[in-house]
Amino acid sequence: MGNLLVFLEHEQGSLSKSSLSLFSAAKMLRSAWKKDTMIGTCFGQGSEAAASNALDYGFDLCLFSEQSVFDRYLSIPYSLGLLQICKEEGCDVVLGAASSTGKDLFPRVALGLSAGLASDIVEINDDGSLRRFMYSGNVLADMEVCSQCRVVTIRSSAFPAADKKRINGDKREIRLVVETSGKSEVVSFTRSQNGRPDLLSAERIVSGGRGLGSIEDFEGQIFPLADEIGAAIGASRAAVDSGFAPNDWQVGLTGKIVSPELYIGVGISGAVQHLTGIRDAKIIVAINDDEEAPIFKVSDYGLVGNLFDIVPELVKELKGSVETKAVNMD
Amino acid sequence: MDILVCVKSVLDYEAPIRLLENQCGVDSRLMKSVINPYDEIAVEEAVRLKESGHAHEVVAVTIGPKKAQSQLRHAMAMGVDRGILVVCEGYVDSDLAARALAVVCAQEACDLILMGKQAVDSNANQTGQLLAAKLNIPQACFASKIDVNRGFAIVEREVDGGVETVKVTLPAVITADLKLNSPRRPDLGSIIKAKKRLLKIVGIDDLGIDIKAKTKIIRMIPPSWQRRGQQLQSVQELVNVLRQEANVI
């Protein structure tokens, strides 16, 4: 029986939000697949600090490497690093998040291990099979990985955050024989959503759909509401296609999969591919003038009516109260 | 420069999906097949690179059933020069697709391989990366902009939290995201011309690879959406429940 390797993403030493879900999934997978040791690993500047933090969540061992080849994420060095660890530490299962980094990285790891890859898993079943969405969210499928080594990525929003539970784990620095291939390099990175929270980590999201009717009304209605409650801004595919909002605001299976505490959908009818993207939100509120809109069936609270009356009134009602909460959050 | 563009034939994603009663798969009997929309974007990009003088020949390849010829013809109608169909009537997972594509890539000796970031049926988002790894070449996934130069490409990638620009040496695999372009609708003339283009058909058994998939689908079920679905009467009521009941404001 082999060990379970978990790849942890971090930014300058602080673990990504997905890590807490990854810890839960790792424990479930270890027991479902009867793995021996649970090993965490992280690469790049600050990875020693990230490894220390990860030990609080029940890893037997955390490996880190601050070698400069890992300064920026690139698929070739990162996959080679993970493959070397698998070999040296006897890991035949590798687990990570289905983030943009994970989606980019894990196929290369799987190929190196001749392993099958189960991507974007939302549930680990008792019988050890893995559940994921197919057909743009219209189907849930249970699958098995038949190869000897197995690689799994999880949709982190579908797994609970783990509680701290330190065991006698240890961290260790490793030296990986990974040379820069010179075949690819990162030129630059531009952060999106100036000043507003990032969709993927936002506590609150206000999204607009085709019902807004124009880019002016999208901005005139959605922006004030979002800013009033400190929310990120999202959009349905229809709104993006109509040019009301940029592509990277799209929420849904083909856009971003989000997991806020509060999701307010304004003028969104609720295509399945959009609903798939908001499935993990804690509270969903729908505002739409069509009471037959499918989004109402999957919402916690619905308001039927003209959004151009409802949204301004909502902004007015929310004034004040949220500022108090914002102060508390600081 | 020669471009290989990989396309997948998928069930019409705009039609409702129905499951078979034995939960083993999707009922495809009454459904038509279309080109995977992300692959269609990759085809468009390849054709544009040819039109702008960056590419010499554009070849489209698909792994799939015999009837997937229609999707290759569609790619040709968009401007692809010729097509290759690797016939496999059984279940093809991303790993098998990538290993089959790697054989075709070796035969075609192309400088750039384009495909969609994922297929809308499997939603796996793996094949491009697996292929790059198999060929031991770099990858640039989720591309929203591609600039091809002599021997390298500058690619803007849609990643969590923003846009990353990478430089990859060629040959490389680049996978297309939605924002890359809007694919053209071929006119009747192009559709007729496409029928005369070369379409090579080979069997997957002839590629000399192990054709066993590494993953298996056990069952399929419809997703459930359990929410309270409470209709409220006023904005005031909404604000109250959000504050007091849900405690999210």
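Take chain B, connect every pair of alpha-carbon atoms lying under 10 Å apart with a spring to form a Gaussian network, then pick out the residue of B:N125, B:N181, B:N136 with the largest mean-square fluctuation. In this elastic network of chain B, the residue with the biggest mean-square fluctuation among B:N125, B:N181, B:N136 is B:N136.
What total accessible area, in Å², is buried where chains A and B meet, using a 1.4 Å probe and rounding to the nearest 100? When A and B are taken together, about 7000 Å² of accessible area is lost. Of all DSSP-defined beta bridges confined to chain A, some 20% are antiparallel rather than parallel. Calculate how steeply helix A:307-318 sits against the longest principal axis of the alpha-carbon atoms of chain A, using the helix alpha-carbon long axis, and give the answer as 0 to 90 degrees to the nearest 10. For helix A:307-318, the angle is close to 70 degrees.
Over all pairs of distinct alpha carbons, what does the Kirkwood formula give as the hydrodynamic radius of the protein assembly as shown, in Å?
Hydrodynamic radius (Kirkwood, Cα pairs) of the protein assembly as shown is 24.7 Å.
Mean projected area of the Cα convex hull of the stretch B:2-244, taken over all directions, amounts to 17.7 nm².
Equivalent-ellipsoid semi-axes for chain A (Cα gyration tensor, √(5λ), whole Å, largest first): 39, 21, 19.
The sum of -39500 (n - 2.57) across all DSSP H runs of n ≥ 4, divided by the residue count of chain A, sets its helix-only mean residue ellipticity at 222 nm to -8500 deg cm²/dmol. Couplings for the stretch A:71-81, taken from phi via the Karplus curve 6.51 cos²θ - 1.76 cosθ + 1.60 with θ = phi - 60°, read 4, 10, 5, 9, 4, 5, x, 5, 5, 5, x Hz in order; Gly and Pro are left as x.
In what order, largest first, do B:W225, A:W249 sit by accessible area if the probe radius is 1.4 Å?
B:W225, A:W249
Listed cross-link partners B:K145/B:K193; B:K8/B:K179; B:K117/B:K167; A:K282/B:K179 are compared with a 24 Å cut-off, the Cα-Cα value being larger for B:K145/B:K193; A:K282/B:K179. Heavy atoms of the protein chains alone define the surface here; on that basis chain A has 39 Å² accessible area per residue at 1.4 Å probe size.
Backbone amide hydrogens, once placed in the peptide plane, bring A:G128 within less than 5 Å of nothing, excluding anything fewer than 5 places away on its chain.
Could you work out what % of the accessible surface of chain B is carbon and sulfur, using a 1.4 angstrom probe and leaving DNA, RNA and ligands out of the count?
So the carbon and sulfur contribution to the accessible surface is 48 percent.
Extension gain for B:N136 to B:K67 (0.36 nm times residue separation, less C-alpha to C-alpha distance): 21.7 nm.
Would you mind telling me the antiparallel percentage of the DSSP bridges in the stretch B:2-244, rounded to 5?
Bridges in the stretch B:2-244 that DSSP calls antiparallel: roughly 40 percent.
Database note for chain A: Cys without another Cys beta carbon under 4.7 angstrom, A:C42, A:C62, A:C146, A:C149. The Cα-based radius of gyration and maximum Cα-Cα distance (Dmax) for the stretch A:31-169 are 15.2, 44 Å.
Based on DSSP, what percent of beta bridges with both residues in the protein assembly as shown are antiparallel, to the nearest 5? Taking every DSSP beta bridge with both residues in the protein assembly as shown, the antiparallel ones total about 35 percent. Mean-square fluctuations from a GNM of chain A, with a 10 angstrom spring cutoff on Cα atoms, peak among A:G208, A:G40, A:G195 at A:G195. Contact-buried residues of the stretch B:102-138, at a threshold of 30 Å² lost accessible area versus the chain by itself: B:V120, B:D121, B:S122, B:N123, B:N125, B:Q126, B:Q129, B:L130, B:A133, B:N136, B:P138 (1.4 Å probe; DNA, RNA and ligands ignored). Residue ranking by accessible heavy-atom surface, 1.4 Å probe, largest first, among A:E88, B:E57 comes out as A:E88, B:E57.
Between the stretch A:59-89 and the stretch B:117-153, the C-alpha centres lie 22 angstrom from each other.
Taking θ as phi - 60° and the Karplus parameters 6.51, -1.76 and 1.60, the scalar couplings of the stretch B:100-105 work out to 5, 4, 4, 5, 4, 4 Hz in sequence order, x denoting glycine and proline. Just checking the listed ones, B:P37, B:P222, B:P183: in the Gaussian network model of chain B with Cα springs under 10 Å, the one fluctuating most is B:P222. Taking amide H atoms as placed 1.01 Å from N in the peptide plane, the amide H of A:I154 lies under 5 Å from those of A:G96, A:A97, A:A98, A:D120, A:I121, each 5 or more residues away in sequence or on another chain. Taken one residue at a time, the phi angles of the stretch A:51-60 give Karplus couplings (6.51, -1.76, 1.60, θ = phi - 60°) of 5, 4, 5, 5, 4, 5, 10, x, 7, 6 Hz. Gly and Pro are set to x.
Surface listing: A:Y135, A:Y301, B:Y13 arranged by accessible area from highest to lowest gives B:Y13, A:Y135, A:Y301, probe 1.4 Å.
The values are calculated or read from the model by the stated rules, or taken from the named source; none is laboratory data. What you see is a predicted model, and the numbers here were worked out from it, not measured in a lab. Every residue, glycine among them, receives a Cβ derived from its backbone with ideal geometry; neighbour counts consider all protein chains shown. SASA here: full protein model, heavy atoms, side chains in, ligands and nucleic acids out. Shrake-Rupley method; radii C 1.70, N 1.55, O 1.52, S 1.80 Å.
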